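Below is one structure; the comments refer to it alone.
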Amino acid sequence: MEETVSTARVALKYGALVSVVIMVYTTIINVAGLSQNKILSSLQFIFMIVALVVAMKEFKEKNKGFMSYGEGLGLGTLLSAVMGFLVSMFNTFYNKFIDSTIMTQALDKVRMDMEQRGMDDAQIDQSLEYAQKFMSPGIMFIMGVLMSILTGFIVSLVVSAVIRREKPVFE
């Protein structure tokens, strides 16, 4: 009797693993006061890509060298959903209970950027008022999960197309 490999099991394993890595990395960035550095913040995206590639390769290896495009896409999307949920939970907790100044720092950075672009105070105040409506913990959590799933889906489209290897039909 052949043992089947579950995409869900691999996705959960690597989703949880990359979430822990991102949580530790985010904490280090925040404690160092570099949370507004876009380059350092975008490294989380690299962590996700590496996790997707490693997870798909492990699934393929455990599945006798085969992985369909759909399996890869499903694995990657589920991994991204798990990661998005866990990281968004952590970020919500961190921003609400550990360091509530992160949102204020982000709004200050946005204000500075708008001032450098030459916007007047009325436009800046209106834009920041609108932005604050989307910075509630609930909306930030939902947006974090949805963006993670969307990004993971798009990356999985490419990664699974490269890594896939279909089983021969007549074997």
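Bear in mind that the values in this text are calculations on the coordinates, not laboratory data. All of these numbers come straight from a predicted model, not from anything done at the bench. Don't worry about glycine lacking a Cβ; one is built from the backbone with ideal geometry, like all the others, and counts go over all protein chains shown.
General remarks:
- Qualifying positions in the range 49-74 - touching a residue at least 12 places away in the same chain (Cβ under 8 Å) and among the charged types (D, E, K, R): K57, E58, K60, K62, E71
- Within the range 115-131, residues that are under 18 Å from M103 (Cα atoms) sit with their Cβ atoms under 9 Å from residues that are assigned to a loop (DSSP other than H, G, I, E, B), at 6+ positions apart or across chains, in these pairs: S127/M119.
- Of the residues V87, V82, the single one that is buried (at least 17 other Cβ atoms within 10 Å of the Cβ), part of a helix (DSSP H, G or I) and out of contact with any Phe, Trp or Tyr (no Cβ under 9 Å at 6 or more places or on another chain) is V87.
Listed here are the residues, each with its yes/no results for (1) in contact with a Phe, Trp or Tyr (Cβ under 6 Å, 6 or more places away or on another chain); (2) in a helix (DSSP H, G or I); (3) farther than 19 Å from T101 by Cα; (4) free of Cβ contacts under 8 Å to residues at least 24 places away in the same chain.
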| site | (1), (2), (3), (4) |
| --- | --- |
| L17 | no, yes, yes, no |
| T27 | no, yes, no, no |
| S35 | no, no, no, no |
| F47 | no, yes, yes, no |
| G76 | no, yes, yes, no |
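- Test: residue in the range 51-58 that is more than 15 Å from Y14 (Cβ to Cβ) and out of contact with any strand residue (DSSP E or B) (no Cβ under 6 Å at 6 or more places or on another chain): no
- Considering the range 60-69, the residues that are part of a helix (DSSP H, G or I) and in contact with a Lys or Arg (Cβ under 9 Å, 6 or more places away or on another chain) include one that is surrounded by the fewest Cβ atoms within 10 Å (Cβ to Cβ), namely Y69.
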